[in-house]
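Presented below is the structure to which this report refers.
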Amino acid sequence: MILTAVAGAAAACAPHDASPPADTPAPPVSPTSGAPSRVTSPTSADWRRLARHVDGTLARPGSATYDTVRLTQNPRYDGARPLAVLSVAGARDVATAFSFAQDHGLRVAIRSGGHSYPGWSAGDGALVIDVRPLHRVSLSGTTATIGAGASLVQVYDGLGTHGRGIAGGSCPTVGIAGLTQGGGVGVLTRAHGLTCDSVAAMRVVLADGTVVTASADHEPELFWALRGGGGGHLGVVTSFTFRTFAAPTITRAYVAWPFSAAEHVVPSWLRTVPRADPRLWATLKLLGGRTHPSGPALFMSATWTGPASGMDAALQPLLSSVPAPTTDSRSTASYLDTMLTYAGCSTIPVPECHTGPGGALDRGAFAATSHIITVPDVDMSALLDRVDAAQGSGLKEAGISIDALGGKVDDIGAGDTAFGHRGALTTVQYTATYDSGPATTATSYVRRFRTAMKPSWGSGAYVNYADSSLKHYQQAYFGANAGRLAQARMSYDPHGFFTQPQDY
Ligand SMILES: Cc1cc2nc3c(=O)[nH]c(=O)nc-3n(C[C@H](O)[C@H](O)[C@H](O)COP(=O)(O)OP(=O)(O)OC[C@H]3O[C@@H](n4cnc5c(N)ncnc54)[C@H](O)[C@@H]3O)c2cc1C
């Protein structure tokens, strides 16, 4: 999540890494079930036949919508040229696309919100299966059924207007499908757990075209893996069933300090906030770059779901142990209004809260990578050196965001879902936004930051902030759950139909 330094409100979601569209051509896919022995590239007549056999829309190069629907959220991947983009109407279209791909040895790329950091859903040279048309949000009592193509703002609007909620990320255009499968952290994570912790079931199309329900009672190993293992490796989720909670009234705090206070604030924040009352969540940011001409900014954005008067007490252990802040503002609002504010859409109608045609939001180029902190130690000189390096770098905004975990996240066992970091203190994101052109400077900035912090923070990483350059990524993302994920992969995709990099 990217909260810029503008008074705690969210503006323009951003971050990502430098390698070329990661979908560089891989060997043609071997036919898995019932596919002809000789794989032939599809002819125009084959593509027309596919278009006739689906209820959704197939966009091919040259078609009216191709140059719009092929784009993902990060302009750095605009060079990707999918063979076609199939905007599906349902699970049957997904199965039809699978058998077409297998008949013709094509790779598929799966897309929901299009926010994959390494650009894996851009689908260069692949058949993109885009589930965004499946964005219906419906409620039956306290149970929500959410189409896998729903964006977070569509989810918050669909639930919040009925007094219900789930805990998810801040960025309005992030897809519920990618976010949930990687775990899902956000401003209510400590109070309500990861996004995937509220999932009761998923409908999934497997590589062989069968459509299954994954839940505690059905395909439990698939259900386990799709809660924290990340998307793109086991099947296409077409819908989620969520247990929702009563939408809380939320108090937000924006607290800023002079940058010179960082030496005190960062260590104290790590010792206090991740172990605070679960109703408190916070992110601590140290950001520099062109948007901070007078020097890097140091600020915290926090949310509290208890009675507004109780927030001071929850923040006391931190605020009593650091220099006085220069800014300390509070505001209280409903769940929906709070999530729309974090999304940067408090004054934008929800139907326009997106980056596509008719949308009011802009896409932003970025580079990012991550860390997971498990001990409250920090090498402040390395950290400050890297934040300072953003000044004069030419980057728009760059630095570090430290987001609290703990709370309800730790009510679930480390092996109960594939999410690899129960018990950790925080997720960390190193981000760098830039205007245009190559991502080289931004990418080397974020990767050098992670490298500089590895001596004190180790090598853990968050799969939803995927970094294609990570070595030993299985351990970094999934820790002790990596082996079981590899088994799930063998069971649910034995022929390796899904070829997304960083396979487990
Ligand atoms: C600006 C921004 C803000 C973010 N904020 C947060 C945040 O607050 N909290 C957080 O936890 N994460 C956050 N993220 C990270 C985000 O959760 C991941 O990038 C996530 O994978 C994006 O999902 P998507 O559906 O939008 O992207 P996509 O690129 O469409 O998909 C991401 C991955 O999931 C796979 N996938 C997509 N749809 C399906 C499906 N239906 N079935 C199976 N696999 C599928 C894709 O193949 C791809 O590998 C943010 C990312 C960005 C770019």
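Would the range 427-438 turn up any residue that is part of a helix (DSSP H, G or I) and touching a residue at least 12 places away in the same chain (Cβ under 8 Å)? Scanning the range 427-438 turns up no residue that is part of a helix (DSSP H, G or I) and touching a residue at least 12 places away in the same chain (Cβ under 8 Å). Select from the range 238-257 the residues that are open to solvent by 20 Å² or more (accessible area, probe 1.4 Å) and among the aliphatic types (A, V, I, L, M) and write down the one among them that is nearest to residue 327 (Cα to Cα). Residue satisfying both the conditions and the ranking: 247. The single condition among (1) acidic (Asp, Glu); (2) modelled with pLDDT under 50; (3) closer than 30 Å to residue 287 by Cα that residue 78 does not meet is (2). How do the pairs read when you match residues in the range 443-455 that are aromatic (Phe, Trp, Tyr) with residues anywhere that are in a helix (DSSP H, G or I), using Cβ under 9 Å and keeping only pairs 6 or more apart or on different chains? Qualifying pairs under 9 Å: 445/386; 449/382; 449/383; 449/386; 449/387. Screening the candidates 260, 301, 268 for the property of being open to solvent by 10 Å² or more (accessible area, probe 1.4 Å) and of a type in the set (S, T, N, Q) yields one hit, 260. Can you find a residue in the range 225-237 that is open to solvent by 20 Å² or more (accessible area, probe 1.4 Å), assigned to a loop (DSSP other than H, G, I, E, B) and within 16 Å of the ligand (Cβ to nearest atom)? There is at least one residue in the range 225-237 that is open to solvent by 20 Å² or more (accessible area, probe 1.4 Å), assigned to a loop (DSSP other than H, G, I, E, B) and within 16 Å of the ligand (Cβ to nearest atom). Any chance the range 75-82 includes a residue that's hydroxyl-bearing (Ser, Thr, Tyr) and in contact with a Ser or Thr (Cβ under 8 Å, 6 or more places away or on another chain)? The answer is no, given that none of the residues of the range 75-82 is hydroxyl-bearing (Ser, Thr, Tyr) and in contact with a Ser or Thr (Cβ under 8 Å, 6 or more places away or on another chain). Scanning the range 477-504 for residues that are under 22 Å from the mean Cα position of the chain (by Cα) and away from the ligand (no atom under 16 Å from the Cβ) gives 479, 480, 481, 482, 486.
Okay, residues lined up against (1) within 9 Å of the ligand (Cβ to nearest atom); (2) in a helix (DSSP H, G or I); (3) under 13 Å from the mean Cα position of the chain (by Cα); (4) of a type in the set (Val, Ile, Thr):
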position: 79; (1), (2), (3), (4): no, no, no, no
position: 86; (1), (2), (3), (4): no, no, no, no
position: 102; (1), (2), (3), (4): no, yes, no, no
position: 117; (1), (2), (3), (4): yes, no, yes, no
position: 132; (1), (2), (3), (4): yes, no, no, no
position: 144; (1), (2), (3), (4): no, no, no, no
position: 159; (1), (2), (3), (4): no, yes, no, no
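Restricted to strands (runs of 3 or more DSSP E) entirely inside the range 244-335, those with at least 1 residues that are in contact with a strand residue (DSSP E or B) (Cβ under 8 Å, 6 or more places away or on another chain) and aromatic (Phe, Trp, Tyr) are 249-257, 280-288, 297-304.
Applying a threshold of 8 Å to beta carbon distances and a minimum spacing of six or more residues, or different chains, the list of pairs starting in the range 115-141 at a residue that is more than 27 Å from residue 370 (Cβ to Cβ) and ending at one that is near the ligand (Cβ under 8 Å from one of its atoms) reads 127/109; 133/149; 134/148; 134/149; 134/238; 135/149; 135/151. For the range 181-192, which residues satisfy the criterion of being buried (at least 24 other Cβ atoms within 10 Å of the Cβ) and either more than 12 Å from the ligand (Cβ to nearest atom) or farther than 16 Å from residue 281 by Cβ (or both)? Hits for the range 181-192 are 181, 182, 190, 192. Filter the range 168-180 for residues that are open to solvent by 10 Å² or more (accessible area, probe 1.4 Å) and more than 6 Å from the ligand (Cβ to nearest atom) and give the result. The answer is 173, and nothing else.
The values are calculated or read from the model by the stated rules, or taken from the named source; none is laboratory data. All values reported here derive from a predicted model rather than from experimental measurement. All Cβ positions, glycine included, derive from the backbone under ideal geometry; neighbour counts span all protein chains shown. Please note that ligands, DNA and RNA were not included when accessible areas were found on the heavy atoms of the full protein model with its side chains. Shrake-Rupley method; radii C 1.70, N 1.55, O 1.52, S 1.80 Å.
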